[in-house]
Amino acid sequence: MISNLRYWFLILLIFLVYVAGMFVTLFENDSAQFSVMAMRMVQENDFFSLFKGPEEYLDKPHMHYWLAALSYKIFGIHDWSYRIPGILATLLAAYSCYGLGSLLYNKHVGKLAALVFMTAQTIVLGAIDVRTDAVLTGFSILAIWQLAKYIENGSVSAIAIGAFAAGIAFSTKGQIALLVIGLPILCHLFYIGKWKVFLSWKVLLALLVFAVTITPMLYAYYLQFDLHPEKVIRGKDHRSGIFFIFWEQSFERLSGEGIGKNSSDYFFFFHTFLWVFLPWTILGITAFYHKIKVFINQKFKYVQGSEFLTVGGITLIFIIISFAQFKLPHYLNITIPLFAVITAAYIYNLYTANKEKTVKYLMIGQYFVLSIVFIASALICFYVFKLRSVVAYVFLIGAAILIIYYALKREGVYMKLVTISVCASLLLNAVLNLHFYPNLLDYQGGSSMSKVIAEKNIPVDRVYKVGKDYTWSLDFYNQFPVQITTAEDLKDKKDIWVYVNDDEMAMLEEKGFDWDSQLSVDQFRITRLQAKFLNPNTRKKVTRKMHLLHIY
């Protein structure tokens, strides 16, 4: 269906796109915030306590921050070293997609599933804007693969690895890990009927491995919260970290209690899926529909060579997370490995059944996706942020020629279908990582101001703020947290710098403060893009300023 040479050439290009994204400035809020939380661990040599700025952090377990802190210990505190664990977890997830696809179908499906997974838009973005979901996804799909492998052949090593992976996933984001691992496995057992595999001493071994794996995280929660019932976290005292992670966390997520509500739209993830699985969206939806139709026609009776793990898992996970009152697009990342497997299986089935007519219709859809990517790339490079480098023009023209060559090349429709889809992802994300994000992040006040501070040799321990504007990127690139104070306390300080927005600057002026130096940078909430910002003619209307004032 696709030659080994073509396959590994595309994998190499994808990896280079990932590497290009490693050196992009960290995004606010989550990436920069989480990087600062891990940085605090290293700087204070305290790996058991989690803090979000000055506040103690209960919301998520420790594993993501431990892995980032370990990377800092090995490579130093850099934005690219923060991303290394996330990228490695993404590669682990891709390999696990290969393993699961090979187990449920064959190696051809497995190879294609890894390719589909690595080029899905939300996964590429998740390797740059690194949150807890990269580690969660990597170890969750590893656990699903290994537990399914145990069900098939009773392997002791498989159930042990599966339990360890489940423990790491649980230590990364809590109960959602057990949900996304357990539901597909239960669907698999429901379909094939091998319930007896869990009536074995091997299951006790797995439970022991899981318990040992999560023990460091539970111990850290115990030290920080259970031993200190006097601490008030989100308005409540007597908060048990262990009870929270085993019981309260998911209910707070579903109800929005404590963390707030941002969406009651039960179809949020359905329309979000349209972009997170690009360029495979049309193929993924078609594959899912086809799979559901087959199972309904079979009345869900077991048929040799078929599987219910992927489509059943996807359906149940979608239903449950859709009822959560707090929703974000990257919550779908945990379903992408399963979508990758059923999409790869569908394409391979079209190939083996020689359904060229169906593939030609799907090619129309993929050409449409590619055309949208071409238009978006052109707008980004020639309108939103204009290219100014000759090298950039050469790169863009070279990429366009390569994609047009593959689009026009006479070859099998199946190879072309896969190649064109991957090329769409490569073009879009190369433009984003090498051009769009670096220009966009010039409008992130915290990271921009950190460059000014470094250029002016301003002592980072003399920088304060009086407001609540996010300063995670300023904290990270200064490698020192901006100190929080009040206007009243500032009156007793001399020779300091204060990081403020326009309103805060006006407030200080009203209170009689004077300053002899003012440094200003542009500020925009870069993770909430809008048309007025993308339009260079109206960008200034939605861009604010952040200032650094020297009070003498």
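Read-outs: derived from the displayed coordinates by stated rules, not from any lab. Given the structure is predicted, the values throughout are model-derived calculations rather than measurements. Quick reminder, even Gly has a Cβ in these numbers, built from the backbone with ideal geometry, and neighbours come from all protein chains shown.
Between His238 and Lys73, the distance separating the two model label sites (each 7 Å from Cα on the Cα→Cβ line) works out to 3.7 nm. Taking R0 as 56 Å, what's the FRET efficiency between Leu402 and Asp265 from their Cβ-Cβ distance, rounded to 0.05? It comes out at approximately 0.90. Put in order of Cβ neighbour count within 10 Å, fewest first, the listed residues Ser31, Ser377 become Ser377, Ser31. Evaluated at q = 0.10, 0.13, 0.14 Å⁻¹, a Debye calculation over the C-alpha positions of the stretch 39-135 (equal weights, vacuum) places log10 I(q)/I(0) at -0.35, -0.55, -0.61. Among Glu230, Glu411, Glu152, a tally of other beta-carbon atoms within 10 Å of each Cβ gives an order, fewest to most, of Glu230, Glu411, Glu152.
Scaling against 2.2 N^0.38 Å puts the C-alpha radius of gyration of the stretch 290-425 at 1.37.
How big is the Rg/Rh ratio for the stretch 360-485, C-alpha atoms only, Rh by Kirkwood, two decimals?
1.20
A cut-off of 5 Å between modelled amide H atoms, ignoring neighbours fewer than 5 places along the same chain, links Lys52 with Tyr57. Counting only DSSP beta bridges whose two residues both lie in the chain, roughly 75 percent are antiparallel. The magnitude of the dipole of the chain, with charges of +1 and -1 set on the Cβ of Lys/Arg and Asp/Glu and taken from the Cα centre, is near 2460 debye.
Counting 0.36 nm for each residue step from Gln175 to Trp80 and taking away their Cα separation leaves a gain of 31.3 nm.
Cα convex hull, the stretch 111-188: 95 Å³ per residue, rounded to a whole number. I need the P(r) histogram for the stretch 444-551: all alpha carbon pairs, bin width 5 Å from 0 out to the longest distance, whole percents. For the stretch 444-551, the pair-distance distribution reads 2, 12, 24, 23, 18, 11, 7, 3, 1.
Cβ-to-Cβ counts within 10 Å put Lys202, Lys360 in ascending order as Lys360, Lys202, the fewest first.
Across the stretch 81-205, Cα pairs under 8 Å and at least six residues apart give a relative contact order of 23 percent.
Each Lys and Arg adds +1 at its Cβ and each Asp and Glu adds -1 at its Cβ; summed about the Cα centre, the stretch 356-442 shows a dipole of about 220 debye. Among the aspartates and glutamates, select those whose C-alpha is under 16 Å from the C-alpha of Lys149, and discard any that sit fewer than 8 residues away in the same chain. Cα-Cα hits under 16 Å: Glu307.
Distance from the alpha carbon centroid of the stretch 286-326 to that of the stretch 362-394 works out to 35 angstrom.
The Cα atoms of the stretch 206-361 cover 68, 38, 28 Å along the three principal axes, with the biggest extent listed first. Here the stretch 65-213 has an Rg and Dmax of 15.9, 50 Å, counting Cα atoms alone. Simple spin-label estimate for Leu227 and Asp461 gives 2.8 nm between the two label positions (7 Å along the Cα-to-Cβ direction from each Cα). For the modelled label position 7 Å from the Cα of Trp8 along Cα-to-Cβ, which residues of the stretch 88-126 have backbone nitrogen atoms closer than 16 Å? Output list for this probe position: 111-112, 115. Any idea what the dipole of the stretch 425-552 comes to, in debye rounded to 20, about its Cα centre with Lys/Arg Cβ at +1 and Asp/Glu Cβ at -1? Value, rounded to 20: 600 debye. When the inverse distances between all different Cα atoms of the chain are averaged and flipped, the Kirkwood radius reads 25.3 angstrom.
Helix 413-431 versus the longest principal axis of the chain: what is the Cα-based angle in degrees, 0 to 90, to the nearest 10? The two axes meet at around 0 degrees.
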